[in-house]
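Asker: Here it is: the structure, laid out below.
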Amino acid sequence: MAYPFQLGFQDASSPIMEELLHFHDHTLMIVFLISSLVLYIISLMLTTKLTHTSTMDAQEVETIWTILPAIILIMIALPSLRILYMMDEINNPSLTVKTMGHQWYWSYEYTDYEDLSFDSYMIPTSDLNPGDLRLLEVDNRVVLPMELPIRMLISSEDVLHSWAVPSLGLKTDAIPGRLNQATLISTRPGLFYGQCSEICGSNHSFMPIVLEMVPLKHFESWSLSMI
């Protein structure tokens, strides 16, 4: 959950999000070093009248500033491609949940169970209990087992939506007529909040997502009580 005046990402709660945070820090350091070097060179050019014609016209300098950016781009591209393949790979999911976006709420269907489905609406501000989060609490949370690979099938019945949970590194578009999928693995129990991340209409900001990650035995008890 994000907190006021937070500047960075939320704490990672999945292996994918941990990799994304590492990649972000890796890329940000490269950008910082390049920006510092360029700023230093510009400041030198503006504060000194000394020039060296043989250096300014040297073939070696042109070779370096052509090859060096290519190497830097490779250093960024390889980790990025690795994470893309990790996010796309789904190996024997233990559970499949189908998510449908509506104007303006989410509906969920546990496809491994015969009659386990429900709609998830935002709780109005006037009905919140003490300690609840405004515009983020829902009447039916998505209960899932932790430390197990879960496949989320995401689509929409009307307009474009986007199912996003930042702390788990999830953001997948819900497109009418198309079934997208995402992999979800939580390394710890807890409540994880998200929202629709696509401008889907006048009530776009009122369709939150709440995942409740619990141990497997608690998930089994909950699923039996819901059927």
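The values are calculated or read from the model by the stated rules, or taken from the named source; none is laboratory data. None of these values were measured; they are calculated from a predicted model. A quick note on method: Cβ atoms are made from the backbone with ideal geometry, for glycine too, and the neighbour counts reach across all protein chains shown. Ligands, DNA and RNA are excluded from the accessible area calculation, which covers all protein heavy atoms including side chains. Shrake-Rupley method; radii C 1.70, N 1.55, O 1.52, S 1.80 Å.
Asker: So, of the residues in region 87-123 that are within 30 Å of LEU135 (Cα to Cα) and modelled with pLDDT under 90, which turns out to be surrounded by the fewest Cβ atoms within 10 Å (Cβ to Cβ)?
Answerer: ASP115
Asker: Scan region 112-133 and report the pairs whose first residue is without any contact (Cβ under 8 Å) to a residue 40 or more places away in the chain and whose second residue is open to solvent by 100 Å² or more (accessible area, probe 1.4 Å) and part of a strand (DSSP E or B), with Cβ atoms within less than 9 Å and a gap of 6+ or a chain change.
Answerer: none
Asker: If you don't mind, another one. Do the conditions hold for LEU184, that is, is it in contact (Cβ under 8 Å) with a residue 24 or more places away in the chain, aliphatic (A, V, I, L, M) and open to solvent by 70 Å² or more (accessible area, probe 1.4 Å)?
Answerer: no
Asker: Among the residues of region 133-150, is there at least one that is closer than 19 Å to LEU20 by Cβ and in a strand (DSSP E or B)?
Answerer: yes
Asker: Continuing with the same structure: Quickly run through region 1-50 and pick out the residues that are of a type in the set (Phe, Trp, Tyr) and surrounded by 14 or more Cβ atoms within 10 Å (Cβ to Cβ).
Answerer: Scanning region 1-50 gives PHE9, PHE23.
Asker: Just wondering, is there one or more residues in region 79-86 that are surrounded by 11 or more Cβ atoms within 10 Å (Cβ to Cβ), touching a Pro at 6+ places or on another chain (Cβ under 9 Å) and in a helix (DSSP H, G or I)?
Answerer: Within region 79-86, one or more residues are surrounded by 11 or more Cβ atoms within 10 Å (Cβ to Cβ), touching a Pro at 6+ places or on another chain (Cβ under 9 Å) and in a helix (DSSP H, G or I).
Asker: If you check ILE185 against the conditions, is it touching a Leu at 6+ places or on another chain (Cβ under 8 Å) and closer than 17 Å to MET146 by Cβ?
Answerer: Against the criterion (touching a Leu at 6+ places or on another chain (Cβ under 8 Å) and closer than 17 Å to MET146 by Cβ), ILE185 qualifies.
Asker: Could you grab me the full set of residues in region 63-109 that are touching a helix residue (DSSP H, G or I) at 6+ places or on another chain (Cβ under 7 Å) and within 30 Å of LEU136 (Cβ to Cβ)?
Answerer: Within region 63-109, ILE83, MET86, MET87, TRP104 meet the criteria.
Asker: I would also like to ask the following. Looking at (1) outside any helix (DSSP H, G or I); (2) in contact with a strand residue (DSSP E or B) (Cβ under 9 Å, 6 or more places away or on another chain), which is the only condition TRP222 fails?
Answerer: (1)
Asker: May I pose another question? Filter region 155-175 down to the residues that are over 9 Å from the mean Cα position of the chain (by Cα), open to solvent by less than 20 Å² (accessible area, probe 1.4 Å) and of a type outside the set (Gly, Ala, Ser), then identify the one that is farthest from ALA2 (Cα to Cα).
Answerer: Applying the first criterion (over 9 Å from the mean Cα position of the chain (by Cα)) to region 155-175 yields 155-163, 173-175.
Those still in the list that are open to solvent by less than 20 Å² (accessible area, probe 1.4 Å) too: 155-156, 161-163, 174.
From the residues that got through so far, the ones that are of a type outside the set (Gly, Ala, Ser) too are 161, 163.
On the way: HIS161: 22, TRP163: 17 Å.
Selected residue: HIS161.
Asker: From ILE30, ILE34, ILE42, which residue is part of a helix (DSSP H, G or I), more than 19 Å from LEU78 (Cβ to Cβ) and either of a type outside the set (S, T, N, Q) or at pLDDT below 85 (or both)?
Answerer: Values: ILE30 fails: more than 19 Å from LEU78 (Cβ to Cβ); ILE34 fails: more than 19 Å from LEU78 (Cβ to Cβ).
Answer to the check: ILE42.
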